[in-house]
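Worksheet: one structure, shown below.
Every number in this text was worked out from the coordinates using simple rules, so none of it is lab data. Model, not experiment: these values are computed from the prediction. Neighbour counts are summed over all protein chains in view; Cβ atoms, including those assigned to glycine, are modelled from backbone coordinates with ideal geometry.
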Amino acid sequence: MPEISTTSTGPQFGPVFKDAAATAAISFLMFLPLIGFITVQDIRNVLVLDTRWTLLFILVALITAGRLAYTLVLLPRSARRAHRAPAPASPIVAAIGRWFTPFVVGFVIVYPILIMGLVPGGALKWVDNFGIQILIYVMLGLGLNIVVGLAGLLDLGYVAFYAVGAYSYALLAKTFGFSFYMLLPLAGCLAAFWGIILGFPVLRLRGDYLAIVTLAFGEIIRLVLVNWVDLTNGYAGISGIPRPTFFGIPFNANDDGFAAVFGLPFTPIYRTIFLYYLILALVLLTAFVTIRLRRLPVGRAWEALREDEIACRSLGINTTSTKLTAFSIGAMFGGFAGSFFAARQGFISPETFNFLESATIVAIVVLGGMGSQIGVAVAAVAMVGGTEILRELDWLKDIFGQEFDPGQYRMLLFGFAMVIIMVFKPRGLVSTREPSVALTERKMISAGMVKEGHG
Amino acid sequence: MTEPLLSIRGVKASYGHVAALKGVDLDVSEGEIVTLIGANGAGKSTLMMTVFGKPRAHAGQIIYSGEDITRRPTHLIARMRIAQAPEGRRIFARMSVYENLQMGAAVNPDADFEQNLEHVLGLFPRLAQRLHQRGGTLSGGEQQMLAIARALMGKPRLLLLDEPSLGLAPLIAQQIFDIIHELNARDRLTVFLVEQNAYHALKLAHRGYVMVNGLITMAGSGRDLLERPEVKAAYLEGGRH
């Protein structure tokens, strides 16, 4: 595409329209085979070629308009911005930074009540699909954040620990009838144990090699779950997993159920709200423990390990135990999330714990900004909430036709969003690293302002 | 004569099939500055890393303060109050200078952190100005200062320095050498220095060794080695410096 010269007076229109025309031509050629033609089965089940000129035209027009807007509005603006000296951070921005976390915590605490008031009919969906679903991923993200974000060990098989937690709970609860509150720590311990099992062979690996081995580990666990039919029931999965009770009081319509005991009319929303607060408590616990750990020597050692393993060793840090603690503590939180997941669903199967899940969690950590907890939370809301919202966009059907399912474009949109974020914020949404020591004079230096110096 | 603080006896080490050290003998006594010079690839850095257990010596013995540390894991060697400012500095780029110094202090929990910090920042006033800056934003010289300062935070008895003047302007290198001299003269810190900058490093040293191809070929007092024609020819560019 031709370079567009932008002067201080504004862009010249000749090159701009030439550029827009080129964009239109390229997008037309690209989308002609992709969108323009479609094969459909006619009444006799024969494939016939159909055309979608309207849709093709709309897409090309949208892209051309976008390119025009970019060259006419955004480019001159960023050119102007480059000339200006960076403005000092305004007090409003500083205040937002300070109050953001307490605000978010407050919001998630009142969220179910708020939803109950706003949409009494659809509250179940909003608390379950948006609330609980997102919080599970926040929990997984926070757990993986310890391994990837803090210790810098790229783990692509994190879903394995999620699976270990889920199956531990499901099998032990079904076989022995242990309660959720007993099995939650137990599932965490078992996952941590598997974290150590994985940790030992990969102690000497770093970076890409570690990623490959952990990826394989995740697949091995999944394949074991698929093939060990006697124990796990294979693809069919485990159903009828006992649900968590309100500290001994079950959520059902019986006389000893939650609603009856508290003199309320029975609705399934109570269980959902209870589960919401349960996972919220787990998320807050994870966040709190991580914050505390970062201030302890082991947390600092993780961060040092991420930066330079050799320097760590020469400073007396036992890198073996440091890595193993990172793996096991990260895995433990994954196990908590897994057993909560099993208890919430009541049904689990190996298909839930595929690589895509691991990739989603890694994406949440990377997008959020390695090591940043609030970034992980924001990224989880965007990734998981985004998927759920796509399902809600029914009005798109009025534009693109009844067969259009926005959910199918999920991956495309994710990929697109990721590229955008990585272009503009290469170190994730929250890329500043808060020093873990509080000093009287705190100066934060954002990653974007400096280059990593090795010389 | 009292027993040396660090004594290396017949140490051999190799990378795969490539022998890097072919039986090295070397002593560092308490309160000394000992310099090891040699060409690129002579095995100087390898020797320093072998003292720290990576790569491991497959023959010979390394005795530190009367204890055999040849087979000890690196982190336990570090806890015996041997500090190292490794080649390439290896500071923690994303941590602040203060946090880097804290990391250095972690190796010796008995040391008084505040007092050490004051001492170290007194030696390197530049670091005091940059205390809350990220390590990666420092200049090369400042990073070298930070690497040495971090090593000093654990109150070491023996300081191993691998090419502290590498890539530094002559004036900054001189500053670093002055600080090493001061540390030795005032605090009686024992220093084992590996250097390419033979003139300055030997002038500073009580004793020096010359290493060629994994073997010690010459030893003597720093002044003595500087006078030798072989050293002059090979390492001092025919007398220019």
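The modelled label-to-label distance for the pair A:Ala253/B:Asp110, using points 7 Å beyond Cα in the direction of Cβ, is 7.3 nm.
Express as a percent, rounded to the nearest 5, the fraction of DSSP beta bridges in the protein assembly as shown (both residues included) that run antiparallel.
Numbers: 32 of 51 bridges.
Antiparallel bridges: around 65 percent, rounded to the nearest 5.
Global size of chain B: 17.3, 48 Å for Rg and Dmax (C-alpha atoms, Rg to one decimal, Dmax whole).
Mean residue ellipticity at 222 nm, helices only, chain A: -19500 deg cm²/dmol; runs of at least 4 DSSP H residues each add -39,500 (n - 2.57), and the sum is divided by the number of residues.
Less than 12 Å Cβ to Cβ from A:Val159, Lys/Arg counted +1 and Asp/Glu -1: what total charge do the surrounding residues give? In short, -3.
Do any trypsin sites (Lys or Arg not before Pro) in the range B:132-241 lie in a loop, going by DSSP, with at most 10 other beta-carbon atoms within 10 Å of their beta carbon, and if so which? Don't skip to the answer; put the middle values down first.
Details: sites: B:Arg134, B:Arg150, B:Arg157, B:Arg186, B:Arg188, B:Lys203, B:Arg207, B:Arg223, B:Lys232, B:Arg240; in loops: B:Arg157, B:Arg188, B:Arg240.
For trypsin sites (Lys or Arg not before Pro) across the range B:132-241 that sit outside H, G, I, E and B with at most 10 neighbouring Cβ atoms in 10 Å, the list reads B:Arg240.
Looking only at other chains, what is the average number of their beta-carbon atoms within 10 angstrom of each beta-carbon in A:319-329? Working shown, then result.
Values: counts 3, 2, 1, 1, 0, 0, 0, 0, 0, 0, 0.
Partner Cβ neighbours, averaged per residue: 1.
Kirkwood radius for the protein assembly as shown, taken over all pairs of different Cα atoms as the inverse mean of 1/r, rounds to 29.8 Å. Each Lys and Arg Cβ is given +1 and each Asp and Glu Cβ -1; about its Cα centre, chain A then shows a dipole of about 1360 debye.
Among the chymotrypsin sites (Phe, Trp or Tyr not before Pro) within the range A:336-366, which fall in a DSSP loop and have no more than 16 other Cβ atoms within 10 Å of their own Cβ? Kindly include the intermediate steps, with their values, before the conclusion.
Working: sites: A:Phe336, A:Phe340, A:Phe341, A:Phe347, A:Phe353, A:Phe355; in loops: none.
Here no loop site has a sparse enough neighbourhood.
Positive end of the dipole of the range A:103-436 (Cβ unit charges, origin at the Cα centre): among A:Gly299, A:Gly207, A:Phe340, the Cα lying farthest that way belongs to A:Gly299.
Let a ≥ b ≥ c be the square roots of the eigenvalues of the Cα gyration tensor of the range B:170-211; is it rounded (a/c under 1.5), or, if not, prolate (a/b larger than b/c) or oblate? All intermediate terms of the calculation are to be shown ahead of the outcome.
Numbers: a/c = 2.31, a/b = 1.13, b/c = 2.05.
Because a/c hits 1.5 or more and a/b fails to exceed b/c, the range B:170-211 counts as oblate.
Relative contact order of chain A, taken over Cα pairs closer than 8 Å and 6 or more residues apart, is 21 percent.
So, R0 is 22 Å and r is the distance between the beta-carbons of B:Glu3 and B:Asp25; what FRET efficiency does that work out to, to 0.05? Display every interim value, and only then the final one.
Working: r = 15 Å, r/R0 = 0.67.
E(calc), rounded to 0.05, equals 0.90.
Label separation (A:Leu231 vs B:Ser65): 4.8 nm, computed from points 7 Å beyond Cα along the C-beta direction. Once the Cβ-Cβ distance of B:Glu182 and A:Arg292 is raised to the sixth power relative to R0 = 41 Å, the FRET efficiency obtained is 0.50.
I need the chymotrypsin sites (Phe, Trp or Tyr not before Pro) found in the range A:183-248, filtered to DSSP loop residues with at most 10 other beta carbons within 10 Å of theirs.
Values: sites: A:Phe193, A:Trp194, A:Tyr209, A:Phe217, A:Trp228, A:Tyr235, A:Phe246, A:Phe247; in loops: A:Trp228, A:Phe247.
Answer by residue number: A:Phe247.
Over the range B:9-115, what relative contact order in percent results from Cα pairs under 8 Å that are six or more residues apart?
Working: 103 pairs, mean separation 22.8, N = 107.
Relative contact order for the range B:9-115 comes out at 21 percent.
Rank A:Leu114, A:Leu153, A:Phe353 by how far each Cα sits towards the positive end of the charge dipole of the range A:103-436 (+1 on Lys, Arg Cβ; -1 on Asp, Glu Cβ) and give me just the farthest. Selected residue: A:Leu153. The range A:269-301 and the range A:160-235 have their alpha-carbon centroids 20 Å apart.
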